[in-house]
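For reference, the structure discussed in these notes is given below.
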Amino acid sequence: MKTSILAASLLFGASFVTLGSAFFPQPASAQDAERATGPNYQLFLMGDEMALCSSMAWTHCNDTDWLDGKTMRTDRYINLSDNYTKPLLDDKLWPAHRRKTRDDVKMALEILYDRMRSEVVPERSFQDEFTRRATRHLYDSLSEREWNLIIDHLEMPAPKGKHDTARINLTKILAKRQILQAMLGQADKVRGSDDMPRIAIAAAGARDPITAVEPFISAFESLGAEVRWLPIDAAVNTAQRSGKCDDLDALREQELGTWKRARVFPEQHKQQVAFCKDALQGPKIVDWADAVLIVGNDPSLVRKAFLDPLSQPTDLMTSIYLKMRANKLVVGATSDAMNAMTARSMVASGTSAEALRAGAIAGEAPPFACNKDDSCPRNMNSDSATYHPLGGVGLFNVATLDGQFSDMGRHGRLLRVAATTNTPVAVGIDMRTALAVNVLNGAFEVLGERGVFFGIGAQQTENAVAATFHYLAAGARGQFTDDGVTNVKFAKGEEVVQEAPTTRFLNNRGMVDSLRLLCQERNSFNLIEKDFRLMVAGDEATKRVKAGGECQVTDARIGLSWQPDTF
């Protein structure tokens, strides 16, 4: 019961004090007049991966009549001939302790070839066959690296002239359309003319940036914007610094865990090599752009793309920072890549359960599913909560960030990192939601259809974390201070989309779903899941306002704890 008492003590003792706005000095009146002509928000933090309706992802479309297989790329194709399979099975790609798995892969490919009776098959069909009974056990035993290794080696070159064509206005989820259009609207304010805004897209947070960037380029072009690829990623940054631009394809294996991209995308590969060899091209693209969108779901890759090994910004990142601070550039970032926008400690990986059980570890994230191929670093597992103590790329000074937040129950990991690093403010952004921030004065607005969690003054014991918190729904506004938020205006409309509630809070929406109780004249609630407890409490200082069936609150308190053998 010792842990429970400590958790309760933290929960009801958590508080915060506003110290002012040192991060956001008020500009002089002349500066105010100048900036009034620019964007209201320079930074869009998007808690979702923003998957778009495209010819390669037609399940995200609310209409498929526009798709044309003759002019658009609609699938990746796998080649099962010896020319593709033999390089995949090379000893150097498989550690000695995984050679038996490699041999099983060889046998599985032979089985799949016999089943499908074709050397060339769509990737979807290949995966469907691989997950059938005879080979399902092998599929389940593969790490993410090993599955990517297989797909990348077997992937055929993309058809020349065919692209993954996307349409924002046909994307099923309205919130995603609205968020991207809102960012485009702010870029239009930068442009300040009748010309359409200019957007640069960098898939720096993606394992396979060339594949990831194409639909975003097409999507913004479909809205009439001028769009360019900003072809920076961790491999290109490494190649530039080491003078090895001609070795870019090999460096992709090392830095991104991506293989054979020069074969699959020969033209884009040449474009990246040329970009790599011209150190000024990146800053020139930023100078041209009104907005830069960074997509992907790996914050560590974003960090490696824009910083050097000493965590200093590259010239490219410096140009982005300076132009944004001059109110002449809008920057957006999606999904977990958004975590890397912070100047504070950067959340890199992990689950809330593991964060509560074992704490947060300063270091690189372990490989995804590393338990399957024994590649986890010492004293880590695939769920270990990790953070980078030197922060991300530094575009957002105030808070540690986390995406896909309530939907994946990430309260425990975010608050654990904040408490471990003494970070006064921690911000978690739900899926289908974005936080638009004015980095010059701290003003913010919640966009989309769900909400944003603000954890203030996180504290911890060995197996518990607690904080004061606010939860604001889409349509709410406020302003950041040094160590909190102020001037909050609750959302009052029906923008928030309510889903069927759950009480599971370790990897689901149980925490925010249960907040509805606070808007029903309850002052507290407790949830238990496995060996973990969630406690939320409000008092006379807590404000509560409904929005779209959900409950917004300010100045409530949250505590999470691991209590083995208690329940």
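The values are calculated or read from the model by the stated rules, or taken from the named source; none is laboratory data. All of these numbers come straight from a predicted model, not from anything done at the bench. For neighbour counting, all protein chains shown are included, and Cβ atoms are generated from backbone atoms with ideal geometry for every residue, glycine included. To get the accessible areas, we keep the full protein, side chains included, count just its heavy atoms, and leave off ligands, DNA and RNA. Shrake-Rupley method; radii C 1.70, N 1.55, O 1.52, S 1.80 Å.
Observations on the structure shown:
- Pairs where the first residue, in the range 204-232, is within 21 Å of residue 258 (Cα to Cα) and the second is open to solvent by 10 Å² or more (accessible area, probe 1.4 Å) and of a type in the set (Ser, Thr, Tyr), C-beta under 9 Å, 6+ apart: 205/300; 214/165; 215/165; 232/314
- Spans of helices (runs of 4 or more DSSP H) in the range 276-356 with at least 2 residues open to solvent by 50 Å² or more (accessible area, probe 1.4 Å), at negative phi and modelled with pLDDT of 95 or more: 281-288, 315-325
- Output for the range 126-158, where each listed residue is among the polar types (S, T, N, Q) and under 28 Å from the mean Cα position of the chain (by Cα): 127, 131, 141, 143, 148
- Members of the range 67-89 found to be over 17 Å from residue 147 (Cβ atoms) and assigned to a loop (DSSP other than H, G, I, E, B), listed by number: 67, 68, 69, 70, 71, 73, 74, 75, 81
- Of all residues in the range 445-465, those satisfying the criterion of being farther than 21 Å from residue 45 by Cα and out of contact with any Gly (no Cβ under 7 Å at 6 or more places or on another chain) are 457, 458, 459, 460, 461, 462, 463.
- Selected residue (only one of 132, 145 is of a type in the set (Lys, Arg) and modelled with pLDDT under 95): 132
- Filter pass, residue 114 being in contact with a Pro (Cβ under 6 Å, 6 or more places away or on another chain) and either over 16 Å from residue 150 (Cβ atoms) or in a loop (DSSP other than H, G, I, E, B) (or both): no
- Members of the range 486-515 found to be touching a residue at least 60 places away in the same chain (Cβ under 8 Å) and under 24 Å from the mean Cα position of the chain (by Cα), listed by number: 497, 504, 505, 506, 507, 508, 509, 510, 511, 512
- All positions within the range 234-258 that are touching a residue at least 60 places away in the same chain (Cβ under 8 Å) and either open to solvent by less than 40 Å² (accessible area, probe 1.4 Å) or not in a helix (DSSP H, G or I) (or both): 234, 236, 237, 238, 257, 258
- Residues being at pLDDT 95 or above and polar (S, T, N, Q) - total across the range 182-197: 1
- Within the range 195-233, being part of a strand (DSSP E or B) and either touching a Lys or Arg at 6+ places or on another chain (Cβ under 8 Å) or surrounded by 23 or more Cβ atoms within 10 Å (Cβ to Cβ) (or both) holds for 198, 199, 200, 201, 202, 203, 204, 205, 226, 227, 228.
- If you check 522, 544 for being more than 20 Å from residue 493 (Cβ to Cβ), outside any helix (DSSP H, G or I) and not hydroxyl-bearing (Ser, Thr, Tyr), only one passes: 522.
- Test: residue in the range 468-483 that is under 16 Å from the mean Cα position of the chain (by Cα), assigned to a strand (DSSP E or B) and crowded, with 24+ Cβ neighbours inside 10 Å: no
- Test for residue 465: is it open to solvent by 20 Å² or more (accessible area, probe 1.4 Å) and assigned to a strand (DSSP E or B): no
- Residue 104 vs. criteria over 33 Å from the mean Cα position of the chain (by Cα) and either assigned to a helix (DSSP H, G or I) or touching a residue at least 24 places away in the same chain (Cβ under 8 Å) (or both): yes
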